[in-house]
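What follows is a single structure, written as structure tokens, with notes after it.
The values are calculated or read from the model by the stated rules, or taken from the named source; none is laboratory data. All figures in this text were calculated on a predicted structure; none of them were measured in a lab. Cβ sites come from the backbone with ideal geometry, for glycine too, and all protein chains shown count toward neighbours.
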Amino acid sequence: MIAPWLAVLIPVAAFIAYRLDLLDLGDEAATSLGTRVGRLRLLALVTAVALASASVSVCGAISFVGLVAPHMARFMVGHRHLPLIPVCLLLGAILMVSADLFARILMPPIELPAGIVTAFIGAPYFVFLITRYKHW
């Protein structure tokens, strides 16, 4: 069910990855290098929302995976978007498979929802990120 969405949107994300790296330089520098900042932001936003919508429509609302996987991937591969995309995909898949596995084997007669397990996996890392980057 999700394959047509991924077949269209993953190449779009890979295509705009280099241009997204230019946004890290600032709007003026990206514009001077030939990037249409407004259009790029809109395309990136639409692509991200469409990918998130497609995954939520198939899997349900698994919130912490979407919050934690990109930060973990950025910690592993840095800030370049092209290698970040496949690592995010793989980390999200690993987190979901792990959460589903633990949900099935944690309490054998009862199968817990995977969202609860992802919250237990992702919440400590999310709290770590919040405390690490607080600016007060």
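Taking the stated definitions as given, is Gly122 within 24 Å of Ile2 (Cβ to Cβ), modelled with pLDDT of 80 or more and surrounded by 14 or more Cβ atoms within 10 Å (Cβ to Cβ)? No, not satisfied. I'd like to check something: does the stretch 70-84 contain any residue that is farther than 22 Å from Ala123 by Cα and among the charged types (D, E, K, R)? Yes, the stretch 70-84 has at least one match. Filtering Thr31, Thr35 for residues that are in the same structural domain as Val8 (by TED's automatic domain parsing), among the hydroxyl-bearing types (Ser, Thr, Tyr) and not in a helix (DSSP H, G or I) leaves a single hit, Thr35.
Looking across the stretch 1-17, the residues that are over 16 Å from the mean Cα position of the chain (by Cα) and either more than 25 Å from Leu67 (Cβ to Cβ) or in a helix (DSSP H, G or I) (or both) come down to Ala3, Pro4, Ala7, Val8, Phe15. The set of residues from the stretch 23-45 being of a type in the set (D, E, K, R), touching a residue at least 12 places away in the same chain (Cβ under 8 Å) and under 22 Å from Val8 (Cα atoms) comprises just one member, Arg41. For the stretch 23-34, the set of residues classified as farther than 30 Å from Ala3 by Cα and surrounded by 12 or more Cβ atoms within 10 Å (Cβ to Cβ) consists of Leu25, Asp27, Ala29, Ala30, Thr31, listed by residue number.
Among the candidates Leu84, Leu20, Leu43, Leu101, which residue alone is surrounded by 14 or more Cβ atoms within 10 Å (Cβ to Cβ), assigned by TED's automatic domain parsing to the domain that holds Ala119, of a type in the set (A, V, I, L, M) and in a helix (DSSP H, G or I)? The unique qualifying residue is Leu84.
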